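One structure below.
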Amino acid sequence: MAQIKPDRGRGEARSPVGDVRSVSLCVIGSLLALCLAGCEGVPGCHIVTTATGEHHLRCPDGSEAPLGGEVRVVVEPPGAHCPRGGVAIETGVDLDHDGVLTGAEVQDTQYVCNGGGGGLSGVVVGSFTITKADDAVLLAEATRILGSLTIETPDLTAVALPLLGRVDGDLVIVRSPKLASFELPLLAEVDGGVQVSDDAALVTLSGLRGLTKIGGSLSVTGDPKLASLAGLEALASVGTAVDIRDDAALTSLDGLTALVEVAALYVRACPSLVRIDALGALQHAGSIDVVDDPALVSLAGLGAVKALPGGLRVESCAALVDLTGLAALATCGDLRIAKNAALSSVNGLAALTSTGDLAINENPQLASLQGLQGVTAAGGVFLDQDPKLVTLAGLSGISMLTADLSITANAGLVSLSALAPVTSARALFVTGNPSLTTLGLTGLTAVENQISITDNAALRQCLCDALAAQVVTNPPTTFSGNAGAGTCP
């Protein structure tokens, strides 16, 4: 049976975990563990209350040990009492009747230790790191780890834990330069996060083929030989973020075909990534960042996402020509489209009606904003260094801004008249647009902070003066570097 080691009279304080009069024995953190199926391979040891009110530890082989008094169960780290860790069962009398055993109230401590044979089996308590072959052998028969598992090995080329079904903490596979593969075929759930990072030889995630749920984040970063995410086909839920980053050979996100919901999705700095269409099942996301993926040709795969309250960022994707793939997106937090060398239009956002701040910056080929004609509400509008934009047609549905309207350094822009319906903004900045001849902001009557119109070489000063006169809130104004000559109607 499980190793049960008495230690009479130990009195050091322990963190309380509550009354456990008739619960399974294993505990981790503040949760009483559910079934220590791993005390030397003997499942089902339980604390029970006898007819006389005494607490006993009872195991399936019929063995039983009296505990007595109040009971508290806490994790016992590896050490003198339990070489491989386990749990400490403390009993005593609650002298101050506060419901918690503390200090001298603890009269008896017994230990249930993880197996004392050649390896650990069943449910094991504690966090483990595999650095060498013996470490993997130790955990070969473990079915659940009440803690975290780290694989960080300088020499192993493969690691297999064929029976492991759950990790209650994090799964971390990092800095293992020779590790080409790992096998965790029965692993279905990780309560914490999963990190696979900086593994120079890793070519596959097929060892995670049974994984369906991650409570924390999924991070696959800095794995230069990983060409896809194949092996994650069963993964439907990630509690926080999915971060795919700095994977030099990654050409697709194949493997994420079952992913339905994620708090945040980051796809960044993957120079060989061509497509993300494996994300077709994704319906709910807090935010999405697609950044510095120079080979990506399409956003196809995001077509089922209807809302991104945390925002969308598409930046430094040199091969992207439009935003096709976002057909269902109706509401978005801040929307940033920036530094996309080939982007010629924002087509693909036909369903979009509202955004936070709309920032479209440094897209040298962008000639039209017509794909934004459905937007009626925005925080602010920031257009900067889009040299081929001639007009702002596509923004005419916006009538009010709660943040700034900033139009700067757009070499080809001649008019702002598409924004004529806008009635209010926090501040107005129109700066460094050398071809601008017309403001056309005829509906603007309320500006909270300031109006700054500067260094627009073709814009007549009298147009600036006329705009200042129509704004009834009388904010401070700065007009300089504009054309001084000309007569206004």
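Any read-out appearing in this document is the output of simple, stated calculations on the displayed coordinates, not a laboratory observation. All values reported here derive from a predicted model rather than from experimental measurement. With ideal geometry, Cβ positions are generated from the backbone for all residues, glycine too; neighbour counts draw on all protein chains shown.
General observations
- The range 396-484: relative contact order as a whole-number percent, Cα under 8 Å and 6+ apart: 26 percent
- Rounded, prolate or oblate (a/c below 1.5 giving rounded, otherwise prolate when a/b exceeds b/c) for the range 283-378 by Cα gyration tensor: prolate
- Relative contact order for the range 283-378, counting Cα pairs under 8 Å that sit 6 or more residues apart, in percent: 24 percent
- FRET E, pair S206, A300, Förster distance 25 Å, beta-carbon r, rounded to 0.05: 0.50
- When each of H81, H284, H97 is scored by the number of other beta-carbon atoms lying within 10 Å, the sequence from fewest to most is H97, H284, H81.
- Volume in Å³ per residue [convex hull over Cα atoms, computed for the range 203-283]: 68 Å³
- Per-pair calculated FRET efficiency, R0 = 22 Å: T438 and A342 via Cβ, rounded to 0.05: 0.15
- Approximate spin-label separation Q283-A180, in nm, with each point projected 7 Å along Cα-to-Cβ: 4.1 nm
- Given charges at Cβ of Lys, Arg, Asp, Glu: the range 148-275 dipole, positive-most of S176, L149, C270: C270
- Shape call, the range 144-222: gyration tensor on alpha carbons, a/c limit 1.5: prolate
- Three-way shape label, the range 141-273, alpha-carbon gyration tensor, a/c 1.5: oblate
- Ordering of 474-484, 364-374 by packing is 364-374, 474-484, highest average first (other Cβ atoms within 10 Å, averaged per residue).
- Long-range amide H partners of G311 with built H, under 5 Å: I288, G333, D334
- Extending 7 Å from Cα along the Cβ direction at D96 and again at A80 yields two label points whose distance is 2.7 nm.
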